[in-house]
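Reading through the structure tokens given below for one structure.
What follows draws every value from the coordinates through simple rules; no lab data is involved. Computed from a prediction, not measured in an experiment: that's the story for all the values here. Cβ coordinates were reconstructed from backbone atoms using ideal geometry, including for glycine residues, and neighbour counts include every protein chain displayed.
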Amino acid sequence: MTVESTAARKPRRSAGTKSTAGKRTTARNAPGAEPQLVQLLTPEGKRVKNAEYDKYVAGVTPEELRGLYRDMVLTRRFDAEATALQRQGELGLWASLLGQEAAQIGSGRALRDDDYVFPTYREHGVAWCRGVDPTNLLGMFRGVNNGGWDPNSNNFQLYTIVIGSQTLHATGYAMGVAKDGADSAVIAYFGDGASSQGDVAESFTFSAVYNAPVVFFCQNNQWAISEPTEKQTRVPLYQRAQGYGFPGVRVDGNDVLACLAVTRWALERARSGEGPTLVEAYTYRMGAHTTSDDPTKYRADEEREAWEAKDPILRLRRHLETSNHADEGFFAELEAESEALGRRVREVVRAMPDPDHFAIFENVYADGHALVDEERAQFAAYQASFADEDGGK
């Protein structure tokens with residue numbers, strides 16, 4: 001399997017699901033149903049003009065295009081390795097980004113170093129762009145730490161498991177940035193499922209009223225676990241911004257160049273005091289919601305196959321090849337680099353030390369607590385019982 005391939009990882013269908021899932025797919029992918037969105041690269045890799053957003057990528061060089069391609073390939077390789085590690089019992093859970101590389105790399109590369117990022121738990125590509133070692137992302141999923149990196153070192157907050165709450169954190173931080181008089185921006189990532197959360201609605205309200213320099217970046221991968229987007233909203237998600245008084249735009253989330261351009265535009269608005277923007281990156285979750293999920297139970301193979309033709313990595317590769325911006329030597333070197341990354345990820349994860357079993361009792365209360373002391377003692381006795389069963393070994 002090459003690192004660009006998604007078809008090789010297609011899950012098998014569970015028996016008895018094709019007919020119902022197929023009916024849903026027909027409605028979702030009917031001719032003419034594709035939404036209007038900002039697109040600069042077609043699925044065939046052809047560059048198309050856009051009067052409004054071309055200027056935001058006018059200076060992108062062939063070297064930078066190769067860099068975007070490298071980012072997406074290595075991010076996908078890391079994600080594939082993490083999925084395999086979970087299947088082999090090395091991780092407790094994994095949330096794959098497969099199919100969403102362009103949305104994350106495009107938006108991530110639009111950020112300045114002084115901008116601040118508030119992610120969910122799937123922004124592995126954005127973390128890559130912010131310089132977070134990918135192996136640090138795995139500690140939480142292995143259960144050996146609570147995050148693994150210092151958020152202020154890369155201006156990239158720890159992963160947020162509570163759905164949608166990071167948008168409020170981002171809004172509050174952005175309000176503080178504005179009061180400090182800084183010209184940096186804040187970006188909050190969330191999915192289409194989180195868009196139904198009250199926290200997101202509250203963050204829209206506060207950011208609009210206080211003109212906060214924040215970009216809300218919604219990766220609409222069309223499935224909130226097993227719930228399709230049309231079960232959550234009667235209008236396109238980006239149009240929700242109108243009701244709060246700030247602009248929204250829908251971008252082709254599988255077009256890394258368009259995601260770069262639109263995010264740059266939104267960040268520029270934020271830095272210049274024009275307030276928040278909602279960016280809806282219309283993309284697709286190729287794999288499961290997490291490794292505990294089976295997508296074959298609620299969606300049809302035909303739907304996934306249709307989106308494989310829009311693969312973000314293949315799209316940029318076609319553009320690089322037809323534009324003579326990359327040769328076979330580049331792709332071969334990148335393939336070797338991706339394999340080396342996969343080996344390093346596997347080695348680092350397996351070498352992660354187990355956490356101190358008693359660390360969970362620390363920092364619960366500032367001055368200690370009798371109940372916590374009692375629970376610690378009970379847990380110590382429980383741990384000691386295993387040694388007694390082994391004859392004290």
Quiz item: Under the classification rounded if a/c is under 1.5, otherwise prolate if a/b is larger than b/c and oblate if not, where does the stretch 98-161 fall, given a ≥ b ≥ c as square roots of the Cα gyration tensor eigenvalues?
Solution: oblate
Quiz item: Working out 0.36 nm times the residue gap between MET352 and LYS55, then minus their Cα-Cα distance, what length gain in nm do you get to one decimal?
Solution: 102.4 nm
Quiz item: If you plug each phi of the stretch 109-119 into the Karplus form 6.51 cos²θ - 1.76 cosθ + 1.60 with θ = phi - 60°, what whole-Hz ³J(HN,Hα) values come out, in order, with x for Gly and Pro?
Solution: 6, 7, 7, 8, 4, 8, 6, 10, 10, 10, x
Quiz item: Taking the stretch 304-375, which chymotrypsin sites (Phe, Trp or Tyr not before Pro) meet the DSSP loop condition and have no more than 15 other C-beta atoms within 10 Å?
Solution: PHE358, TYR365
Practice problem: Report the relative contact order of the chain, percent, no decimals, based on alpha-carbon pairs under 8 angstrom and at least 6 residues apart. | Solution: 25 percent
Quiz item: Based on the mean of other beta carbon atoms within 10 Å per residue, what is the order of 234-246, 293-305, 262-274, 215-227, most packed first?
Solution: 215-227, 262-274, 293-305, 234-246
Self-check item: For GLY287, residues with placed amide H under 5 Å, excluding near neighbours
Solution: LEU98
Quiz prompt | Gained length - ASN363 relative to ARG87, 0.36 nm times residue gap less alpha-carbon distance | solution = 96.0 nm
Practice problem: Apply 1/(1 + (r/R0)^6) to the Cβ-Cβ distance of GLU202 and ALA332, taking R0 = 56 Å, and write down the FRET efficiency to the nearest 0.05. | Solution: 0.65
Practice problem: Using only Cα atoms, find the angle between the long axis of helix 165-180 and the longest principal axis of the chain, and express it within 0 to 90 degrees, rounded to the nearest 10. | Solution: 70 degrees
Exercise. Choose one answer from GLY368, GLY148, GLY139: the residue with the largest mean-square fluctuation in a GNM of the chain with alpha-carbon springs under 10 Å.
Key: GLY368
Quiz item: Quick one: Cα convex hull volume of the stretch 136-265, Å³ per residue?
Solution: 131 Å³
Quiz item: What value does the chain have for Rg/Rh, both radii from Cα atoms and Rh as Kirkwood defines it?
Solution: 1.00
Self-check item: FRET efficiency, 1/(1 + (r/R0)^6) with R0 30 Å, evaluated for SER292 and GLU375 via beta carbons
Solution: 0.60
Self-check item: Cleavage-rule hits (trypsin sites (Lys or Arg not before Pro)) in the stretch 74-146: DSSP loop, at most 16 neighbouring Cβ within 10 angstrom
Solution: ARG112
Quiz item: Taking the Cα centre of the stretch 168-240 as the origin, how large is its charge dipole in debye, to the nearest 20, when only Lys and Arg (+1) and Asp and Glu (-1) carry charge on their Cβ atoms?
Solution: 140 debye
